[in-house]
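The next block holds one structure in the form of structure tokens; read it before the comments.
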Amino acid sequence: MASNGNSSTAHKPRGSFILFEGGDRCGKTTQSENLVKHLSSKGVDVALWKFPDRQTAIGQMINAYLQGKTETDDAAVHLLFSANRWEKRESMLAALSAGQTLVVDRYAYSGAAFTAAKGIPGLDLEWCKAPDKGLPAPDATIYLSMMPEAAAKRGGYGSERYEKEEMQRSVAQRFQDLRDATWHTLDAARSIEAVGSDVTRIAEAAIEACQEGKPLEHLWL
Ligand code: DGP
């Protein structure tokens, strides 16, 4: 159908890409779910996404690796995590341009931080960032900051591969190296409500900026 510019969707502003990052057990799942509920209740078209997406064929390989059922070369598994983001890129762009706000639980910053944290010669932060260059960039990155010791006390780490205090300390350091203009660090040791009210403020500002025409950017180019 030809557009005459009068269609109600012709100038629909794009959705906002709001990302949660942080170490394991920092409260990302709770905060991202609460944010989606809050935004939905305000009539915002919003969806919750999570990486890795363990449903795809690549995601199932990642899942087996995280659960210790398979051993995979560290560089190869890094590229699988990245491929898992690239395979979702088109649907991500389609949702955003249709006006849907995406609240995303982990993304390329986790990708770079977790592999670089292993300290493997050759797999430094720049190497780790390279495969994700050009992916859609978040409009706001909410980093939930928490001491790994405190995170471990929250019911303890589970049995997955990276859920160990020493690894989490190293991951936290790498996240600091990845901070950029989208970054908002929140003290995640506070109550769910206190963190949540900061999250709401940041997310609403990001959504407003997109409604006012802020262009979507691309990672690390
Ligand atoms: P989660 O489903 O959020 O608990 O994530 C699973 C684990 O995988 C968690 O320890 C963080 C880690 N992780 C998430 N994304 C990546 C990635 O892109 N690369 C690597 N190496 N690890 C990741």
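The values are calculated or read from the model by the stated rules, or taken from the named source; none is laboratory data. Please read all numbers here as calculations on a predicted model, not as lab measurements. Surface accessibility is based on the protein's heavy atoms, side chains included, excluding ligands, DNA and RNA. Shrake-Rupley method; radii C 1.70, N 1.55, O 1.52, S 1.80 Å.
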**Given Lys69/Lys133; Lys50/Lys88; Lys133/Lys214, the pairs whose alpha carbons are separated by over 22 Å** = Lys69/Lys133
**Asked** If you count the DSSP beta bridges with both ends in the chain, what percent of them are antiparallel, to the nearest 5?
**Response** 5
**Message:** Can you tell me the orientation of helix 74-86 relative to the chain, as the angle in degrees between its alpha-carbon axis and the longest Cα principal axis, to the nearest 10?
**Reply:** 10
**Message:** Could you report the chain's accessible area per residue, 1.4 Å probe, as an integer in Å²?
**Reply:** 49
**Fill in**
Contour minus Cα-Cα span, Thr200 to Ser91, at 0.36 nm per residue, comes to 36.7 nm
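Dividing the Cα convex hull volume of the chain by residue count, how many Å³ per residue is that?
Measuring per residue, one finds 131 Å³ for the Cα hull of the chain.
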**Asked** If you roll a 1.4 Å probe over the chain with all protein chains in place, what percent of the accessible area is carbon or sulfur?
**Response** 52
**Asked** Based on DSSP H runs of at least 4 residues, each adding -39500 (n - 2.57), what is the mean residue ellipticity at 222 nm of the chain after dividing by all its residues, to the nearest 500 deg cm²/dmol?
**Response** -13500 deg cm²/dmol
**Relative contact order for the range 1-142, counting Cα pairs under 8 Å that sit 6 or more residues apart, in percent** = 40
**Request:** At 1.4 Å probe size, with no ligands or nucleic acids counted, give the accessible surface of Asp45 in Å², nearest ten.
**Result:** 70
